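Undergrad: I'd like to ask you about the structure that follows.
The values are calculated or read from the model by the stated rules, or taken from the named source; none is laboratory data. Every value quoted in this text rests on a predicted model; they were computed, and no experiment measured them. Virtual Cβ from ideal backbone geometry, glycine too; neighbours counted across all protein chains shown. With ligands, DNA and RNA removed, areas are computed over all heavy atoms of the protein, side chains included. Shrake-Rupley method; radii C 1.70, N 1.55, O 1.52, S 1.80 Å.
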Amino acid sequence: VVSRVSYPFEIGSQILETSVQGYFGHYMLPKDNLSSGVKLNKEGRYKDQRIAGSLILYPRPFGIQCEYNYGVGPEFNKNTDSIETQKLHGGYVMINYMAKIKSHYLYPFVRLQYYDGGKKHEKDARSYTVKELEIGLEWQPLKHFEFVAMYTISSRRFEDYSLQDNLQNGRLLRLQAQFNF
């Protein structure tokens, strides 16, 4: 069962969109995505439920996006070498600005992200803790072309049956060019 309710409304010259979404069901782990030796419940089927809230203030010129979700789902537990239904939660907040210079649009932004829980589509429903800060700039010189430069500072713990006690810290510069049609 999946549901989403969203409602946009105007505040002065800006548009604010609020949303609540969620889904409730079960997830069957694919056998080809499991390590030999990882323990499962009887059916390999796990409760998978999420509820989230979103808020978007579209940039005119200042904007903000935030979303947070909470729920339960399959996640690897290194203490028992098992995949179990566990709590998960996380979200992000992004602050941005829109500047128009002649026919060019610039969108500088800062995004903070946090997630603690399993990722059911990955090997052994990997267990994650993610903490990231992203600082970037999107440039749209033409209606159908955009360029993004983004610098990320990241701390990620991700563990499965084969890769336990795995914490990685790093920094990344991402450059992306995109044509839209």
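Undergrad: Look at S35 and say whether it is out of contact with any Asp or Glu (no Cβ under 9 Å at 6 or more places or on another chain), farther than 25 Å from V5 by Cβ and in contact (Cβ under 8 Å) with a residue 40 or more places away in the chain.
TA: On the way: out of contact with any Asp or Glu (no Cβ under 9 Å at 6 or more places or on another chain): no; farther than 25 Å from V5 by Cβ: yes; in contact (Cβ under 8 Å) with a residue 40 or more places away in the chain: yes.
Criteria not met by S35.
Undergrad: Also, I was wondering about something else. Out of everything in region 136-181 that is within 21 Å of K102 (Cα to Cα) and aliphatic (A, V, I, L, M), what residue ends up being farthest from the chain's Cα centre (by Cα)?
TA: Step by step, filter region 136-181, then rank; the result is L142.
Undergrad: Next up: Quick one: how many residues across region 42-56 are in contact with an Asp or Glu (Cβ under 8 Å, 6 or more places away or on another chain) and either hydrophobic (A, V, I, L, M, F, W, C) or at pLDDT below 95 (or both)?
TA: Within region 42-56, residues that are in contact with an Asp or Glu (Cβ under 8 Å, 6 or more places away or on another chain) and either hydrophobic (A, V, I, L, M, F, W, C) or at pLDDT below 95 (or both) number 3.
Undergrad: Do you know which of the residues in region 48-72 that are charged (D, E, K, R) and in a strand (DSSP E or B) is nearest to K100 (Cα to Cα)?
TA: Step one: list which residues in region 48-72 are charged (D, E, K, R), which gives 48, 50, 60, 67.
Adding the requirement that they be in a strand (DSSP E or B) leaves 48, 50, 67.
Details: D48: 44, R50: 38, E67: 27 Å.
Here the answer is E67.
Undergrad: Having 2 or more residues that are open to solvent by 50 Å² or more (accessible area, probe 1.4 Å) and hydroxyl-bearing (S, T, Y) is the bar; report the strands (runs of 3 or more DSSP E) wholly within region 78-172 that clear it. Break it down stepwise before answering.
TA: On the way: elements: 82-97, 99-101, 104-118, 127-142, 145-159.
Ranges flagged: 82-97, 104-118.
Undergrad: With E17, E75, E10 as the choices, which residue is part of a strand (DSSP E or B), out of contact with any strand residue (DSSP E or B) (no Cβ under 6 Å at 6 or more places or on another chain) and either open to solvent by less than 60 Å² (accessible area, probe 1.4 Å) or among the charged types (D, E, K, R) (or both)? Walk me through it before giving the result.
TA: Numbers: E17 fails: out of contact with any strand residue (DSSP E or B) (no Cβ under 6 Å at 6 or more places or on another chain); E75 fails: out of contact with any strand residue (DSSP E or B) (no Cβ under 6 Å at 6 or more places or on another chain).
After applying the criteria, what remains is E10.
Undergrad: Checking the structure you have, find out if any residue of region 51-68 is over 28 Å from V148 (Cα atoms) and touching a residue at least 12 places away in the same chain (Cβ under 8 Å).
TA: Among the residues of region 51-68, at least one is over 28 Å from V148 (Cα atoms) and touching a residue at least 12 places away in the same chain (Cβ under 8 Å), which makes the answer yes.
Undergrad: For a quick check of your reading of the model, give me the residue pairs whose first member lies in region 88-101 and is closer than 18 Å to L57 by Cβ, whose second is open to solvent by 50 Å² or more (accessible area, probe 1.4 Å) and among the charged types (D, E, K, R), with beta-carbon atoms closer than 7 Å and at least 6 apart or on different chains.
TA: Qualifying pairs under 7 Å: G91/E67; Y92/E67; Y92/R111; M94/R111; M98/R60.
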